[in-house]
Amino acid sequence: MPHHAESRAHAARRPLLLALALSAVAHAGAAPHAAGAGIAQHGAAGVPACASCHGAAGEGVAASGSPRLAGLPAAYLLEQLNALATGSRASPVMAPLARALTTEQRTQLAEYYGSLLLRLQPRAAQAAALDDRLALEGRWSQDIPACVQCHGQQGSGVGVFPPLAGQSATYLAAQLHAWRDGTRRGEPLALMQKIAARLSEADIRAVADSFAAQPAPAGARRVGGTGLPAGTAAAPPPVRAPGSHGVFQPSDEPIPDTEFGKVVRLGRDVFENPGRYAARYVGNDLRCSSCHLDAGRHVGSAPMWAAYVSYPAWRAKNGHVNTYAERLQGCFQYSLNGRAPPLGDPVLVALETYSYWMARGAPVDPGIAGRGYPKPGKPPLAPERARGAQVYARSCALCHAADGGGQRDNQGNPAFPALWGANSYNWGAGMVNVSYAAAFIKSSMPLSQGGSLSDQDAWDVALFVDSHERPQDPRYAGSVAHTRSLYHDSDDSIYGQVVDGYLLGSRAVPPGRHPPPPAAH
């Protein structure tokens, strides 16, 4: 064949070869889903079709308590199948089936169901009569956080914490019983085992029913409501004044449906979700309740009612007497990495009003019991970053991610805050002081397990977290050295110190909101 004819023939074959190559790539990419779909719909050797119990589209069967699989994270599904196969999760029905599947088949099933669209239906009409306070607010008197704090807004799921919305009440209740009874175990930090052990039968039913009625519309969280249908009268709960140990407790009285109550509610909304209700003043994904647990109520977690009765007060940080509103401005500027709302702004007025609502009946006393965080004991050894890194990997990375960048839920809403990096609190925040961070960690972390870390672990991990770069101190004075001399001249602050050859603060991004890095492809 002449050379030019051969070239033309080769060129003519290129589109066909390219199409075949692309087809092969696409087929290879689709193969795991196709194989998983085959097992799901038709079964495998010794394993019946998954669809026979979990529904044709993996939607679950409420009547039998068979869970929904569609749309659950593939990594979570694979973890559960492997746990069933190894016996770390007990189920007389599922365990032998999981063992009969090969590792590859379990992976294929997980990827198939994880690829299916999660079709959530509108919240059931009867949901207005449900008591969803435990699901949405928790019960911090027993160290029970709100379910949505780990499982995401509306129970949409966060990382390894699976979606709860739309699962049948029968299934959810069965799993809570299994966690409580110890027949389900092996989950990181034993979080669910410890929380479920604190739940009553009524609690389990309330949580299961709440998420089964899935999902509440965005922003529809009831704040201070009774959990009863509209028009239903409820006996006013008792006002809890000083507790049995002399520590003040804010009242459980529902927020009134008045003009004043509207401002109280707005204050709580800002406190729980500043990125939504005070967006123009916020520069990261932290919430006020990230550091002040139970919506600012929790004793020993820097409760807002204790702060309210402690101001006006002198603050060395800015060298003058601060009003309570000025103190709140500082939170926006430093911890939320944003800018201070002007005095009199509706955001500040709402937060002050909400704090006042909680503080009613408390004595005006800057030394009031329960204020701030309890100071941890002096560690036996000097704090060390290497040990702190181990504590972080063991006890913190599950929620805050290995890179300290935090996590969002499956709907893109902030879930666990960043502890360093561009989306964290900046170098002006109180948490950059190692002793302050250690006090918070010791008393409040891991979530619902405050006090479980040793003093040594708390100090070590505080040093590790604070030894990372974050947004610049808004008071930056032209150089890291000068800024440190003015505002960080203490062994308690790592700003301006050299860590592993790097001068902290030297490449800090400016304070304020920064777009997330592009997703990897």
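For residue 66, the residues whose modelled amide H falls within less than 5 Å of its own, excluding neighbours fewer than 5 places apart on the same chain, are 61. Ranked for footprinting exposure by Cβ neighbours inside 10 Å, fewest first, 140, 357, 459 give 140, 357, 459.
Rounded to the nearest 0.05, the FRET efficiency derived from the C-beta distance between residue 364 and residue 402 at R0 = 35 Å is 0.20. As a calculated quantity, the FRET efficiency between residue 56 and residue 197 at R0 = 35 Å, using C-beta atoms, amounts to about 0.40. The H on the amide N of residue 249, modeled in the peptide plane, is under 5 Å from the matching H of 243, each at least 5 residues off or on a different chain. Positive-end ranking of 304, 346, 281 along the dipole of the stretch 259-359, with charges on Cβ about the Cα centre, is headed by 281. Need one word for the stretch 259-359: rounded, prolate or oblate. Basis is the Cα gyration tensor (sqrt eigenvalues a ≥ b ≥ c); a/c below 1.5 gives rounded, then a/b vs b/c decides. Since a/c stays below 1.5, the shape of the stretch 259-359 is classed as rounded.
Exposure proxy ranking for 115, 156, based on other Cβ atoms within 10 angstrom of each Cβ and starting from the fewest, stands as 115, 156. For the pair residue 262 and residue 63, label points projected 7 Å from Cα toward Cβ lie 4.8 nm apart.
Placing pseudo-labels 7 Å out from each Cα toward the beta carbon at residue 384 and residue 321 gives an inter-label distance of 4.8 nm. The calculated FRET efficiency for the pair residue 502 and residue 481, based on their C-beta separation and a Förster distance of 22 Å, comes to about 0.90.
Suppose the chain between residue 276 and residue 131 were pulled fully straight at 0.36 nm per residue; how much longer would it get relative to their current alpha carbon spacing? Result: 49.7 nm gained on full extension. Ordering 42, 468 by the number of other Cβ atoms within 10 Å of each residue's own Cβ, fewest first, gives 42, 468.
Sorted by packing (mean other beta-carbon atoms within 10 Å per residue), highest first, where do 326-336, 96-106 land?
Ranking, from highest mean packing down: 326-336, 96-106.
Laboratory data are not the source of any read-out in this text; all were calculated from the coordinates shown. The structure presented is a predicted model; accordingly, all values stated were derived computationally and were not measured. Using ideal geometry, Cβ is built from the backbone for each residue, glycine included, and neighbour counts are taken over all protein chains shown.
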